[in-house]
Amino acid sequence: MAVAFKSLSEAQVYQKLVESAKRPYDLTREGALQAANRLERYVCRTELLDLHYATERVDDQLLDLFQKLADELQLVEQFQMMRNGAVLNRIEGFDSENRQVLHTACRDLFRPEPAEPKATGEAKKELEKLKAFLARIDSGELCNHQGDCFDTLIHVGIGGSDLGPRSIFEALRAYGLPGRQVHFIANVDPDDSARVLSGVNLEKTLVCIVSKSGTTLETLTNEKLVRGALQRAGLDSSKHCIAVTGEKSPLDDPTNYLQSFYMHDYIGGRYSSTSVVGAVTLGFYLGIEQVTDFLQGASEVDCQAEEKNIRKNLPLLLALIGIWNHNFLGYPTLAVLPYSQALHRFPAHLQQCDMESNGKAVMRNGRMATGQTGPIIWGEPGTNGQHAFYQLLHQGTEVVPAEFIGFKQSQFEVDLLVQGSTSQQKLLANLLAQVVAMAVGQSSDNPNRNFPGNRPSCLLLGEKLTPRVMGAILAAYEAKIVFQGFIWNINSFDQEGVQLGKVLAAKFLQAINDLPESGETLEGAFLNQL
């Protein structure tokens with residue numbers, strides 16, 4: 001498939017988008033949301049999720065320009081190239097990782113003809129290994145030295161090996177197997193591991209160490225802390241620890257680990273939640289059937305992302321609306337606001353996935369980017385946020401586009417009537433009110449009670465947050481991020497920006513270790529490293 005990579009500013013339709021941005025759709029105009037059946041037409045409907053975008057500052061003419069942009073930049077074709085195994089993790093003319101990008105292969109198991117059979121086969125092999133491992137735990141065949149079943153798992157990782165799996169675990173807590181517990185250790189702060197270790201029965205605990213390279217300093221440090229706690233409890237740590245790592249890495253050692261699962265170079269950490277990085281921990285807590293449902297939901301969105309019509313391609317439409325708000329209307333940040341307490345860690349995962357992917361200033365051709373690339377991502381769940389930062393969203397001088405996420409039903413379905421409505425009804429009422437209020441605003445002679453409106457937002461709405469729906473939400477955002485990287489013509493799959501801090505930290509660590517002999521103060525050691 002021949003694709004000529006171009007950036008947004010090189011597109012023929014770019015100037016028309018610039019002109020359109022001078023007079024975007026006015027959401028505050030009387031009847032603006034009701035005009036031409038806007039609320040009914042501006043919905044991208046899929047089996048699991050609907051994207052409502054009538055409260056974005058877009059119109060039919062602009063959507064047509066979006067379509068032309070997507071076609072000209074061959075966004076769907078690039079996504080297909082990625083799924084088929086093209087080497088997209090690269091920078092032309094410069095040293096780079098030069099890898100395939102195949103996180104989609106982990107959930108391509110459900111297609112009769114996978115996009116990349118070799119990678120999908122490797123993912124299937126690891127999933128079958130996990131299925132057999134979990135069956136041994138469930139049956140009691142795999143147990144501790146006293147014959148007790150393992151009922152707790154501690155997941156040790158950092159960055160992409162923590163944020164994604166942790167956010168999904170939190171999202172799906174409602175579906176856990178009876179008696180199972182999961183805890184996470186990520187921060188090198190020793191208080192993080194001490195807090196977790198003090199609250200578990202180590203005799204019935206498995207520890208999952210996650211590091212692709214097997215050399216991540218924070219993870220190896222925390223592993224030693226955990227192994228030390230196991231040994232002090234009189235336990236053989238090799239009978240309690242499992243590894244998720246690259247094949248033949250330092251962690252791939254059967255003398256130190258009960259079981260090893262393999263991750264591959266073509267799956268970046270922040271895109272790895274549907275690989276064994278997430279599946280091992282989720283499988284222990286949810287069971288293999290629920291993990292399969294989760295992967296199925298992600299797979300469905302991967303296929304939807306190959307739809308050429310942007311009005312039917314949810315992640316591509318979400319990406320294009322984001323480009324409009326960021327690059328043409330000039331809004332530097334994006335708030336992700338889930339009206340579901342279960343998703344309380346999901347914005348943190350998206351911070352990494354988006355900002356580590358698209359926080360780049362160099363294009364794939366090695367030249368400097370000609371415009372703004374990735375926005376700042378942040379967010380918290382509603383309705384708590386309404387009593388915190390929504391004041392700025394409604395009346396602040398900084399316009400912040402928002403992506404709301406909501407569900408018609410609660411997970412536990414435990415609710416009651418208070419003043420004539422259930423809690424879930426109150427949650428939905430608040431969600432819809434915020435979407436409309438940001439769009440239309442409110443006029444008042446009292447300037448303190450004037451709401452300017454035209455604060456763009458969209459709503460991702462599902463029936464209920466199930467494992468399958470969570471998979472769909474995750475894949476939708478992953479694809480959105482990838483599409484936006486294609487539009488800016490940047491490499492969304494490396495993370496060179498995190499390396500400099502690691503190098504400097506090693507120097508400062510050595511200086512701190514030398515303090516007893518050198519007699520220097522901490523401040524003096526710091527100054528000497530500058």
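The values are calculated or read from the model by the stated rules, or taken from the named source; none is laboratory data. A quick note: this is a predicted structure, and the numbers were derived from the prediction, not measured. Cβ atoms come from the backbone with ideal geometry, glycine included; neighbour counts cover every protein chain shown. Heavy atoms of the whole protein, side chains included, go into the accessibility calculation; ligands, DNA and RNA do not. Shrake-Rupley method; radii C 1.70, N 1.55, O 1.52, S 1.80 Å.
Could you compute the net charge surrounding residue 98? Neighbours are other residues with a C-beta less than 14 Å from the C-beta of residue 98; K and R count +1, D and E count -1. Let's see the in-between values first.
On the way: positive: 90, 99, 364; negative: 92, 95, 97, 265, 494, 496.
Around residue 98, the charge tally is -3.
If you count the DSSP beta bridges with both ends in the chain, what percent of them are antiparallel, to the nearest 5? Please report the intermediate quantities before stating the final value.
Values: 14 of 47 bridges.
In the chain, DSSP labels about 30 percent of beta bridges as antiparallel.
Over 28 Å between Cα atoms, which of 16/480; 212/408; 131/464 qualify?
Details: 16/480 23 Å; 212/408 38 Å; 131/464 26 Å.
Too far apart for the 28 Å limit: 212/408.
What FRET efficiency do you get for residue 45 and residue 87 if R0 is 51 Å and r is their Cβ-Cβ distance, rounded to the nearest 0.05? Please report the intermediate quantities before stating the final value.
Working: r = 35 Å, r/R0 = 0.69.
After rounding to 0.05, the efficiency reads 0.90.
Enter the per residue convex hull volume of segment 315-447, computed from alpha-carbon coordinates, in Å³ rounded to the nearest integer.
Details: hull volume 19.0 nm³, N = 133.
Taking the convex hull of the Cα positions in segment 315-447, it is 143 Å³ per residue.
Between residue 177 and residue 21, take the C-beta separation as r, use R0 = 41 Å, and let me know the FRET efficiency to the nearest 0.05. Don't jump to the answer; show the numbers that get you there.
On the way: r = 51 Å, r/R0 = 1.25.
Plugging the Cβ-Cβ distance into 1/(1 + (r/R0)^6) gives 0.20.
Taking the 0 to 90 degree range and rounding to the nearest ten, how far is the long axis of helix 117-139 tilted relative to the main principal axis of the chain, both from C-alpha atoms?
With rounding to tens, the tilt is 60 degrees.
What's the ranking of 70-78, 347-355, 227-235, 143-151 by average number of surrounding C-beta atoms within 10 Å, highest first?
Highest-to-lowest ranking by the protection proxy: 347-355, 70-78, 227-235, 143-151.
Against the longest alpha carbon principal axis of the chain, how many degrees, from 0 to 90 and to the nearest 10, is the axis of helix 499-513 turned?
40 degrees
Sort 98-106, 32-40, 270-278 for me by packing, meaning the mean count of neighbouring Cβ atoms within 10 Å per residue, highest on top. Provide the component values of the computation, followed by the final result.
Working: 98-106: 24.4, 32-40: 13.7, 270-278: 27.7.
Most protected by this proxy first, the peptides run 270-278, 98-106, 32-40.
For residue 411, what charge total do you get from the other residues with a beta carbon under 9 Å from its beta carbon, if Lys and Arg give +1 and Asp and Glu give -1? Present the calculation step by step, with values, prior to reporting the outcome.
Working: positive: 173, 464; negative: 413.
Net of charged neighbours comes to +1.
May I ask for the angle, rounded to the nearest 10°, between helix 217-232 and the longest principal axis of the chain, with both axes built from Cα atoms and the value confined to 0 to 90°?
Around 40 degrees separate the two axes.
I need the calculated FRET efficiency for the pair residue 463 and residue 514, taking r as the beta carbon distance and R₀ as 60 Å, to the nearest 0.05. All intermediate terms of the calculation are to be shown ahead of the outcome.
Working: r = 60 Å, r/R0 = 0.99.
Plugging the Cβ-Cβ distance into 1/(1 + (r/R0)^6) gives 0.50.
Give me P(r) over segment 163-227, computed from all C-alpha to C-alpha distances, binned every 5 Å, as integer percentages.
Histogram of Cα-Cα distances, whole percents per bin: 3, 14, 25, 25, 21, 10, 2.
Place a label point 7 angstrom from the Cα of residue 506 along the Cα-to-Cβ direction, then list the residues of segment 201-228 whose backbone nitrogen is under 14 Å away.
Output list for this probe position: 215-218.
Can you work out the accessible area per residue across the chain, with the rest of the protein chains kept in place, probe 1.4 Å, in square angstrom? Can you show the working numbers first?
Values: 23140 Å² over 530 residues.
I get 44 Å² per residue for the chain.
Assuming 0.36 nm per residue, please report the length gained on full extension of the stretch residue 187 to residue 289 beyond their Cα-Cα distance.
33.6 nm
Which value in Å does the Kirkwood hydrodynamic radius of the chain take, with 1/r averaged over all unlike C-alpha pairs and then inverted? Could the numbers behind the result be given before it?
On the way: mean 1/r = 0.0404 Å⁻¹.
Kirkwood radius, the chain: 24.7 Å.
Which is farthest toward the positive dipole end of the chain among 196, 31, 220, measuring Cα position about the Cα centre, with Cβ charges +1 (Lys, Arg) and -1 (Asp, Glu)?
31
Students often check this: by mean Cβ neighbours within 10 Å, which of 163-174, 43-54, 385-396 ranks highest, and how do the rest follow? Before the final figure, lay out the partial values.
Details: 163-174: 23.0, 43-54: 18.9, 385-396: 15.2.
My ranking of the peptides, most packed first, is 163-174, 43-54, 385-396.
For segment 7-129, treating each Cα as an identical point scatterer without solvent, what Debye log10 I(q)/I(0) comes out at q = 0.20, 0.22 1/Å?
-1.12, -1.20
Using a probe of 1.4 angstrom, how much of the accessible area of the chain is carbon and sulfur, in percent? Don't skip to the end; give the middle numbers.
On the way: 11840 of 23140 Å².
Reported share for carbon and sulfur atoms: 51 percent.
Let me test this: with uniform point scatterers at the alpha carbons of segment 391-530, what is the Debye-based log₁₀ I(q)/I(0) at q = 0.14, 0.20 1/Å?
-0.89, -1.20
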